[in-house]
1. Please compute the net charge surrounding residue 31, taking Lys and Arg as +1 and Asp and Glu as -1 over other residues with Cβ under 13 Å from its Cβ.
2. Among all stretches of the chain without exposed trypsin sites (Lys or Arg not before Pro) (DSSP loop, at most 16 other Cβ atoms within 10 Å), which one is longest?
3. Which shape class applies to the stretch 3-63: rounded if a/c is under 1.5, otherwise prolate when a/b exceeds b/c and oblate if not, where a ≥ b ≥ c are the square roots of the Cα gyration tensor eigenvalues?
4. What does the helix-only formula give at 222 nm for the chain: each DSSP H stretch with n ≥ 4 adding -39500 (n - 2.57), the total divided by the residues, and the result rounded to the nearest 500 deg cm²/dmol?
5. Once the piece of chain linking residue 12 and residue 46 is laid out straight, how much longer is it, given 0.36 nm per residue of separation minus the C-alpha distance between them?
6. Using a basic spin-label model with each label point 7 Å from the Cα along Cα→Cβ, how many nm lie between residue 4 and residue 27?
Amino acid sequence: MTREYVEMAIKEGVPFEINMADGKSCRVNDEFSSALIGNIAVIVVEDALPRILPLLTVTGISCLKMPHQKHH
C-alpha cells in the first residue's frame, strides 16, 4: 500500500479502516484523527491512544458508511 492511497482516503473525509498484514484493522473516523509521517501512519482511536502503523504492513483500505447514513 502506498502513502498516496492513505492520503486519498484521509482527504475523502469519510470513515475508513486500514487493514494490516497481521489481520488486524484500525478505524479512522475523520481526517483529524490521523497523520502521515514519512512511511508511518499515526491513527488516534477511540481510547485516545495513538496507533503507529508502518505503511509497508498496510494491505488495504475499506471505506465505511458515514454515521448518519441509513440502510435502504
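The numbers here are math on the coordinates, done by the rules we state, and not lab data. Just so you know, these numbers come straight off a predicted model, no measurement behind them. Positions of Cβ are generated from backbone atoms using ideal geometry, with glycine treated the same way; all protein chains shown enter the neighbour counts.
1. For residues surrounding residue 31, the net value is -2.
2. For trypsin sites (Lys or Arg not before Pro) (loop position, at most 16 other Cβ atoms within 10 Å), the longest site-free span of the chain is 25-64.
3. It is rounded, given that a/c, with a ≥ b ≥ c, falls under 1.5.
4. So the calculated ellipticity at 222 nm is -4000 deg cm²/dmol.
5. Here the answer is 10.2 nm.
6. 3.0 nm
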